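The values are calculated or read from the model by the stated rules, or taken from the named source; none is laboratory data. Since this is a predicted model, take the numbers as computed values, not measurements. Every residue, glycine among them, receives a Cβ derived from its backbone with ideal geometry; neighbour counts consider all protein chains shown.
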Protein chains: 2
Amino acid sequence: MAIAKVHVNVEEQAKKAKKAARQLSLLTSEEKDEALMDMAEALENEYQSILNANESDLQAGIAKGYEAAFMDRLKLTKERIQDFAEGLRDVAKLNDPTGRIVSSWALDNGLQVEKVTVPLGVIGMIYEARPNVTVDATGLALKSGNSIILKGGSSAIHSNKAIVEVIHAALSSTKIPEDAVQFISTTDREATQQLFTMKEHIDVLIPRGGASLINSVVQNATVPVLETGVGNCHIYIDKDADPVKAMKILVNAKTDRPAVCNAAETVIVHKEWLNSHLSLLIDTLNEHQIAVHGDRTAVALIPNALPAGEEDWSSEYLSLDLAVKTVGNMEEAIDHIDQYGTKHSEAIITENKENAETFMNLVDASALYHNASTRFTDGGALGFGAEIGISTQKLHARGPMGLPALTTVKFKMRGNGQVR
Amino acid sequence: MAIAKVHVNVEEQAKKAKKAARQLSLLTSEEKDEALMDMAEALENEYQSILNANESDLQAGIAKGYEAAFMDRLKLTKERIQDFAEGLRDVAKLNDPTGRIVSSWALDNGLQVEKVTVPLGVIGMIYEARPNVTVDATGLALKSGNSIILKGGSSAIHSNKAIVEVIHAALSSTKIPEDAVQFISTTDREATQQLFTMKEHIDVLIPRGGASLINSVVQNATVPVLETGVGNCHIYIDKDADPVKAMKILVNAKTDRPAVCNAAETVIVHKEWLNSHLSLLIDTLNEHQIAVHGDRTAVALIPNALPAGEEDWSSEYLSLDLAVKTVGNMEEAIDHIDQYGTKHSEAIITENKENAETFMNLVDASALYHNASTRFTDGGALGFGAEIGISTQKLHARGPMGLPALTTVKFKMRGNGQVR
């Protein structure tokens, strides 16, 4: 009975979202932007109610013994809520991605053809603990004329609910219907499962979180998915790599923010380079307290290195651990990336331009780097103004996804009786 | 045992296709075009071997008692094979969709960012009886730098095999590796199932055929799918429709080629228009031998009309049958399309421009028509030069898909040591 009830509620919410999407698609850019500005102001004004709700989540988290990094992502402050509001104002300032005429032409018979960008319709956002996703994703969805269904992690349920209440209250005096923002308030897993298959009501699912969440959505959803995030990224140090650039980039890609998807997880080192620069590499790794898991050659050369297994090559550490693979040529490096990479971000460090171009042409990933850190795969860093996630799939959108990824196209044909 | 064997073979073929895709991605446009021209010549030269194989399929089809329309799609002639060759030459003449710089910019730190189109990689084509798909899809895949795995219907197995043998022989003296074209020669359904889940080797599946084939792929595949084709298209005759345009467009959309996806299946008629033009509508339907399945009002007014049920509103007839729905206003028409349409092609006939724009804005479909036939939703008719199918999904590609739908993008970043 409980399950059937959830099903009905979630389906009702999805239907409301779809209906609201139709209204939303008719609003002007100004009407949408005004609503975003009102939402921002409301979040700033009502921060205390959000902090109170957040406290409930924090207490529950402490009781459950969550680790410090997790608690840090969960914790809100007045300043963080002000950042949410500023984020909404930034999104309001961006160009409206809908209503853009991609191309237009006339057929010989006079039929006018216009290809124009339109909202996707209803976006289902499935995410883990971070409450900022509730605000960011809602802002991006509404700006691009889409309704959104929010299914956040249960550990942030009170925070998310409080945020959505503030948003709903703010929307009530704007042109955007409140129903355009649906919050799944049950923590029942069944609710998520229902979202997976509601093809009639939901146009796309966007999972944001760890590999297991993303895989669960990809494996089970019949609604189309925008797959984001898992980054098993490699830095390949070629025979002709400049040692200063190589170490600077490796350290940045590994240690700047080890827990993010564009951090490096494996360094692949050409054996000739390694022979010439072994002590530099060892000193650098030691200095930055990077723990090495190496192949046989690496373990023999690098003090304290642990032997690496399949798990090391295929997983994200998201920590200061680093897998070290040694190769005799660039082809071996490309083959290794081909086998274990997640098509996110891959870098080659070399002064050999031909090798760099071959690497960037042959490696199959969303972002390829020559002599730069993989950390730049990020909508903010690339100047997109906002990011809904980083796509690791090839269809629709690849790499950091800004507002245009939340649109599709329509062909509008205007005639005066044309037939074939 | 047999199933395991098939699995291994199909997986081996998929691996070969993936490896070939890497080689293919490095070829120049000229090298690919020359190979297409050689394929065209070989098909013309070797037409007799293809016709011999086709005879086997035709004999088997007669034995199985297939209907005439099916046999006609299956049957090849020297002229049809020459058309295949001409089709390849036309594709060779199109612009290469890969290697196009979509945008490029530099960050303040000097990092050069380039967003460039690249092949998808490996395309899995799952289709029914028509042997022309074997040639068309292969030409489009190779032109866009992709390997292709062909899984055609068992009724055309001999024809398809003979065509691929000719293509393989032609490719052997070109820069395109033969392995770029893989033909699944078993008719075992298990082989198709294997293609559904080979995410490591196949980048996209494109099903072409009837609704049950397409649904089977969409429901069961974990490989991303480009959904094509099912078209439950509507013509809405508004209160202010010009009667001459309305009848000309309705007749064309219903009768020009009733079995194709952009044919009309339901006409939605405003009751005021119907009152004024009832005899014209009845005469037109009679003249073109269109069989009517109507709602209560339509059945009461149109002689010989059968009552329509859920099945009539929700399915494609693909014949000279037509569902007739009557409405009191445009909103009812839009609601009906929203409930039963397949987001393919929808038309409004009216002299009221405001209504036309509202209809085109609110109806969620790939192609919206004002005063023109839905039959124009076709890559050829719209001047795309070639078409891999008509997408009814919103992600990646919508509407008729030309060569660009077979590409994705890569971000290439060129730096000199940039870190974040």
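Regarding the range A:253-268, can at least one residue be identified that is closer than 12 Å to A:I348 by Cα, over 27 Å from the mean Cα position of the chain (by Cα) and not small (G, A, S)? No, the range A:253-268 has no match at all. A:S373 fulfils the conditions (1) within 15 Å of the chain's Cα centre (by Cα); (2) within 23 Å of A:A259 (Cβ to Cβ); (3) touching a residue at least 24 places away in the same chain (Cβ under 8 Å) except for a single criterion, (1).
In the same structural domain as A:A253 (by TED's automatic domain parsing), surrounded by fewer than 18 Cβ atoms within 10 Å (Cβ to Cβ), touching a helix residue (DSSP H, G or I) at 6+ places or on another chain (Cβ under 8 Å) and not small (G, A, S): does that describe A:L322? The answer is no for A:L322.
Here A:I176 passes the criteria (1) closer than 24 Å to A:L26 by Cβ; (2) surrounded by fewer than 20 Cβ atoms within 10 Å (Cβ to Cβ); (3) not aromatic (F, W, Y) except the one numbered (2). Looking at the range A:150-253, the strands (runs of 3 or more DSSP E) lying wholly inside it that each contain 1 or more residues that are at pLDDT 90 or above and not assigned by TED's automatic domain parsing to the domain that holds A:A40 sit at A:233-237.
Within the range B:107-145, the set of residues being more than 10 Å from chain A (Cβ to nearest Cβ) and out of contact with any helix residue (DSSP H, G or I) (no Cβ under 9 Å at 6 or more places or on another chain) comprises just one member, B:A137.
Residues in the range A:227-267 that are buried (at least 18 other Cβ atoms within 10 Å of the Cβ) and among the hydroxyl-bearing types (S, T, Y) were compared, and the one that is farthest from the other protein chains (Cβ to nearest Cβ) is A:T266. Would you confirm whether or not the range B:373-391 contains a residue that is more than 11 Å from chain A (Cβ to nearest Cβ), buried (at least 23 other Cβ atoms within 10 Å of the Cβ) and in a helix (DSSP H, G or I)? No, every residue in the range B:373-391 fails to be more than 11 Å from chain A (Cβ to nearest Cβ), buried (at least 23 other Cβ atoms within 10 Å of the Cβ) and in a helix (DSSP H, G or I). Checking each residue in the range B:108-117 for being in contact with a strand residue (DSSP E or B) (Cβ under 8 Å, 6 or more places away or on another chain) and either buried (at least 23 other Cβ atoms within 10 Å of the Cβ) or on the phi < 0 side of the Ramachandran plot (or both) picks out B:N109, B:L111, B:Q112, B:V113, B:E114, B:K115, B:V116, B:T117. Of all residue pairs spaced 6 or more apart or on separate chains, those with beta-carbon atoms under 8 Å, a first member in the range B:96-108 that is touching a residue at least 24 places away in the same chain (Cβ under 8 Å) and over 30 Å from B:A35 (Cα atoms) and a second member that is surrounded by 15 or more Cβ atoms within 10 Å (Cβ to Cβ) and not β-branched (V, I, T) are B:L107/A:F376; B:L107/A:A381; B:L107/A:L382; B:L107/B:Q418. Checking B:R73, B:R22 one by one, the residue that is within 14 Å of chain A (Cβ to nearest Cβ) and not polar (S, T, N, Q) is B:R22 and no other. Whenever a residue of the range A:213-226 is at the interface with chain B (Cβ under 10 Å from one of its Cβ atoms) and closer than 19 Å to A:I388 by Cβ, its partners that are surrounded by fewer than 18 Cβ atoms within 10 Å (Cβ to Cβ) and modelled with pLDDT under 90, lying with C-beta atoms within less than 7 angstrom and at least six residues away or across chains, give the pairs A:V218/B:T222; A:V225/A:V218.
Residue count for the range B:339-364, restricted to those that are part of a loop (DSSP other than H, G, I, E, B) and facing another protein chain (nearest Cβ under 7 Å): 1.
Set side by side, the residues B:E30, B:E55, B:E41, B:E34 differ, and just one is over 21 Å from B:G87 (Cβ atoms), assigned to a helix (DSSP H, G or I) and away from chain A (no Cβ under 14 Å), which is B:E55. Considering the range A:58-69, and only residues there that are part of a helix (DSSP H, G or I) and in contact (Cβ under 8 Å) with a residue 60 or more places away in the chain, the residue that is nearest to the chain's Cα centre (by Cα) turns out to be A:A69.
The number of residues in the range B:394-419 that are in contact with a His (Cβ under 9 Å, 6 or more places away or on another chain) and in a loop (DSSP other than H, G, I, E, B) comes to 4. On inspection, B:V299 does not qualify as modelled with pLDDT of 95 or more, assigned to a strand (DSSP E or B) and surrounded by 15 or more Cβ atoms within 10 Å (Cβ to Cβ). For A:A367, the conditions (1) touching an Asp or Glu at 6+ places or on another chain (Cβ under 6 Å); (2) at pLDDT 95 or above; (3) within 25 Å of B:V223 (Cβ to Cβ) all hold with the exception of (1). A:A323 passes every criterion in (1) in contact with an Asp or Glu (Cβ under 6 Å, 6 or more places away or on another chain); (2) assigned to a strand (DSSP E or B); (3) at the interface with chain B (Cβ under 10 Å from one of its Cβ atoms) apart from (3).
Within the range B:324-348, the set of residues being more than 24 Å from the chain's Cα centre (by Cα) and within 27 Å of B:T228 (Cβ to Cβ) comprises B:K325, B:A333, B:I334, B:D335, B:H336.
For the range B:118-131, the condition holds for at least one residue, the condition being that it is under 29 Å from A:H370 (Cβ atoms), surrounded by fewer than 24 Cβ atoms within 10 Å (Cβ to Cβ) and at pLDDT 95 or above.
So which residues in the range A:401-420 are facing chain B (nearest Cβ under 8 Å) and either farther than 30 Å from B:D242 by Cβ or among the basic types (K, R) (or both), if there are any at all?
A:T408, A:K410, A:K412, A:R414, A:R420
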